[in-house]
Structures are given as structure tokens and as C-alpha cells.
Amino acid sequence: VLSRANVQLKPNQLHAVLSLLEENSQPVREAAHELVGCGGVIPSGVQSIQATIQALLSNLSRVPEDRESIHEAMMKIGQTHSQEIEMLVNELYMIDAKFAPSEANLDDTSYIARAMIVLNAASVRKEIVPLLPFYALSHLQYLHEKHPSHFPSHIDSSSSSTTTTTTSPSSSSI
């Protein structure tokens, strides 16, 4: 089991790790999920975070059975890379300034994973809250009930401090 990493991958090393998500072996893919979920392993910068998120979303689409370990990685990426996630809110929620945002489908596995990243980032970085689409916080309660170990139970947007509670991950599948 990996804990907070003492190393940071270089961009070419991140590319090699993300290529492991294409492997047929589930243990290899899960090890890659666990590695990118370690705080500080992903190189600094929005491009590295974008590449990691895209690779995980592609993996989720291709291999739905990896959902639990992908969700764990997404949650941790949101919590440990909140500054970069703040710059990606519109992209992750697919918000286009030319159009009014429409409410996302709560059955969409890609939306759930993207919301997981952003809402976990918002749980540690209050500056994200005003950037969220109108429906994001109303989805939080439902998403926390459906995935209690991967969504914060509450994001306090009313004061200068953010109060959240995230249940520790369980070993059982959701």
C-alpha cells in the first residue's frame, strides 16, 4: 500500500505510468491508479493533471470494473491538487461561457468521476466553490450518499473557512 509519496514523477515517467492503464492486467491498472492517487507524485502543472484525469476517464470508460480504484485515485487527486483543479473547473464540468450550463446526468459515470475530483478539491480549497455550476452543490448530497467514501459530506460555502467531512475509504466495493 502506497502512502504519501516522497517522489514526483517527471512528465515522461507520468506518461509511462498512464500507459499502464491500457494493460489487460487488472492488478497492474490498479497499481497505476494507486500511484497517481498518491499526493505529490503527479508533476506540477495543469497539463499533467489534465493528462492524468483524461487517462483515468478513458480507463473508466473502457474498463468499468476498475471503477472503485479509479474513484479512489480521482478523490485523492482532487484533494492533493486543488490548486490545479481550480483552473479546470469549467473544463471538468463542461461549461461553455457561450451557453447556459445544463444540469448533468447523475447516472453518467464520467460526470460522477469529474464531480468527484472537483468537489474533493473544493473541500480543501474554498476558492473553487464560487466557480461551481449551479447544480454542483445540490448534487453533492446524493453523490455522497451513493459514494460515501469518495465524496465529502458537506462543503461549507458560507464562511471564510471550508468545513468538510470525508469518510475514510472502505475496502468494500460500492
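Some points to look at:
- Rolled with a 1.4 Å probe across the full set of protein chains, the surface gives Met87 an accessible area near 130 Å².
- Calculated on alpha-carbon atoms, Rg and Dmax of the chain in Å: 15.3, 47
- Percent breakdown of C-alpha pair distances by 10 Å bin, ordered from the shortest bin, for segment 81-163: 19, 55, 25, 1
- Largest first and in whole Å, the equivalent-ellipsoid semi-axes of segment 38-85 read 19, 12, 7, each the square root of five times a Cα gyration tensor eigenvalue.
- For the chain, built as a Gaussian network whose Cα springs stay under 10 Å, the top-fluctuating residue of Thr52, Thr80, Thr109: Thr109
- Computed magnitude of the charge dipole of segment 1-90 (debye, nearest 20; Cβ of K, R +1, Cβ of D, E -1): 200 debye
- Measuring spread by the Cα atoms of segment 99-140 yields a radius of gyration and Dmax of 10.3, 29 Å.
- With helices as the sole contributors, the chain gives -15500 deg cm²/dmol at 222 nm; each DSSP H run of n ≥ 4 counts as -39500 (n - 2.57), and the sum is divided by every residue.
- Set of lysines near Lys146 by C-alpha distance (under 28 Å), chain-local residues within fewer than 8 positions excluded: Lys76, Lys126
- Accessible surface of segment 1-72, 1.4 Å probe, proportion on carbon and sulfur as whole %: 52 percent
The values are calculated or read from the model by the stated rules, or taken from the named source; none is laboratory data. Model, not experiment: these values are computed from the prediction. Positions of Cβ are generated from backbone atoms using ideal geometry, with glycine treated the same way; all protein chains shown enter the neighbour counts. The area values use the complete protein model at the heavy-atom level, side chains included, leaving out ligands, DNA and RNA. Shrake-Rupley method; radii C 1.70, N 1.55, O 1.52, S 1.80 Å.
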